[in-house]
There are 2 protein chains.
Amino acid sequence: MATGTSASESRRTRDAEATQRAILDAAIDAFARSGYDGASTRDIARDAGIDPRLITRYFGSKEALFERAVEETYRHPLMMVPGNNRAVAAALLGDAPMEQAKGLLLTIRSAGSERAVEIMRDHLERHYQRDLADALTGPDPGTRAALLIAVCTGVQMQRNVLGNRALRTSDSDLIVDRLAAALDLIGASDAPAPEGGRST
Amino acid sequence: MATGTSASESRRTRDAEATQRAILDAAIDAFARSGYDGASTRDIARDAGIDPRLITRYFGSKEALFERAVEETYRHPLMMVPGNNRAVAAALLGDAPMEQAKGLLLTIRSAGSERAVEIMRDHLERHYQRDLADALTGPDPGTRAALLIAVCTGVQMQRNVLGNRALRTSDSDLIVDRLAAALDLIGASDAPAPEGGRST
């Protein structure tokens, strides 16, 4: 491969990057739809429009591809820090697509696989949860960060995975306010303030 | 079967009840461990120590058996009503076995199956969630009940299914208090009171 001109090398690099990107996008969609066990590399290759052997070449294995999908979808923090929680609550209860949604769907749908669970837990604890903990002040930020993530996971589990109709049809101010206030309360540096800035 | 004496009929009834109970207990454990798709009636029969054909005789099908398992594990309400939430939070974050735990594990581990999701959602909405909504006062009790259930689902998902270490190792008063206060806030009839009865 080192025999090409620099122009064709450059094009090959761009092609390789585009292929890797297409594989990763297809993998994220497949894992979010079918979970770790349910998504096959054959299906992912078909969705990406590439030869299945390219997955092995670029990522090594389904497990390694899953790790990259977790890394990619956990990257954008929900930022459940006080001040941002109303937007988080509105996004969780609204129909607008949310970048983070795929990460949570992938998580829930892969929860039956022991290896996937290890990969997801380790990544969450080392990155997303740690970053959120760093953004919190007050006692025991690590556990409070985990609790914030748990609350959001639960809302998405009931709303988007189990399809709870009460949560699907209500993005009323009242419910968004309650969820935002609950997130504020967990994220607050101290016991909740008497006037928590809620509009109710 | 109508030829037996009344004493042997009575014994057969007791035997049949014991067998059905053994099948249902084994099914609940299997669905909580492996999910709807992962648990086979063959394994359930083996765990119950009975002939697999007895599952068909007493329950009709794996789907019908799953419905009974959902009914059974969703029966005991968590009672996430104001006043009881600290006990709920302590149970969710503690190591004591909780009767409701199997219902939530069964739910999460079966979330990949479309038919299982329908069964669980319908049952939850018609029974557990409705009963909890009936126990709440104030606006939009149905959605607030769904939100309470979602929060508890998320904690159990992160703690017991994904094994988040921050939530597994912390049942500190602070975290129990925060979770209880968040549940109180969602369940309260009105905007959260300035003094919420929290000890922090």
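The values are calculated or read from the model by the stated rules, or taken from the named source; none is laboratory data. Here the structure is a predicted model, which means the values were calculated and not measured. Counting neighbours? That spans all protein chains shown, and the Cβs are built from the backbone with ideal geometry, glycine included. Each accessible area value is taken on the protein alone, full model and side chains, heavy atoms only, with ligands, DNA and RNA left out. Shrake-Rupley method; radii C 1.70, N 1.55, O 1.52, S 1.80 Å.
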Checklist line | Label point 7 Å beyond Cα along the C-beta direction, distances from A:Glu17 to other copies (nm, shortest first) | finding: 7.2
Next item on the list: Can you list the distances in nanometres, one decimal and ascending, from the B:Gly60 label point to the identical position in each other copy, with the point 7 Å along Cα to Cβ?
Entry: 5.0
Notebook entry, point to check: the stretch A:134-160: which residues show an accessible-area loss of 50 Å² or more, assembly versus chain alone, 1.4 Å probe?
Noted result: A:Thr143, A:Leu147, A:Ala150, A:Met157, A:Gln158
Check: Regarding the protein assembly as shown, what are the three Cα extents along the principal axes, ordered largest first, in Å?
Finding: 95, 56, 36
Notebook entry, point to check: Chains A and B: how much accessible area gets covered up at their contact, both sides added, probe 1.4 Å, in Å² to the nearest hundred?
Noted result: 4100 Å²
Note to self: For A:Lys62, give me every one of the lysines with a C-alpha distance below 26 angstrom, ignoring sequence neighbours fewer than eight places off in its own chain.
What the structure shows: A:Lys102
Notebook entry, point to check: How many Å² of accessible area per residue for chain B, probe 1.4 Å?
Noted result: 47 Å²
Item checked: chain B shape via C-alpha gyration tensor axes, a/c threshold 1.5 -> prolate
Check: For the rotation that brings chain A onto chain B, whose beta-carbon in chain A is nearest the axis, and what is that distance in whole angstrom?
Finding: A:Gly154, 1
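Over the protein assembly as shown, with every protein chain in place, what whole percent of the accessible area is carbon and sulfur at 1.4 Å, could you tell me?
Ligands and nucleic acids excluded, carbon and sulfur give 48 percent.
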Check: For the stretch B:6-61, what is Rg from Cα atoms divided by 2.2 N^0.38 Å, rounded to two decimals?
Finding: 1.21
Notebook entry, point to check: Got the relative contact order for the stretch A:85-187 handy, in percent, Cα pairs under 8 Å and 6 or more residues apart?
Noted result: 44 percent
Notebook entry, point to check: Looking only at GluC sites (Glu not before Pro) in DSSP loops with at most 12 other Cβ atoms within 10 Å, what is the longest site-free stretch of chain B?
Noted result: B:1-98
Item checked: Mean Cα-pair separation over length for the stretch B:6-61, i.e. relative contact order, pairs under 8 Å, 6 or more apart, % -> 30 percent
Next item on the list: Could you pull out every whole DSSP H run in chain A that spans at least 15 Å of Cα extent along its own axis and averages -1.0 or higher on the Kyte-Doolittle scale?
Entry: A:6-38, A:62-73, A:141-156, A:173-187
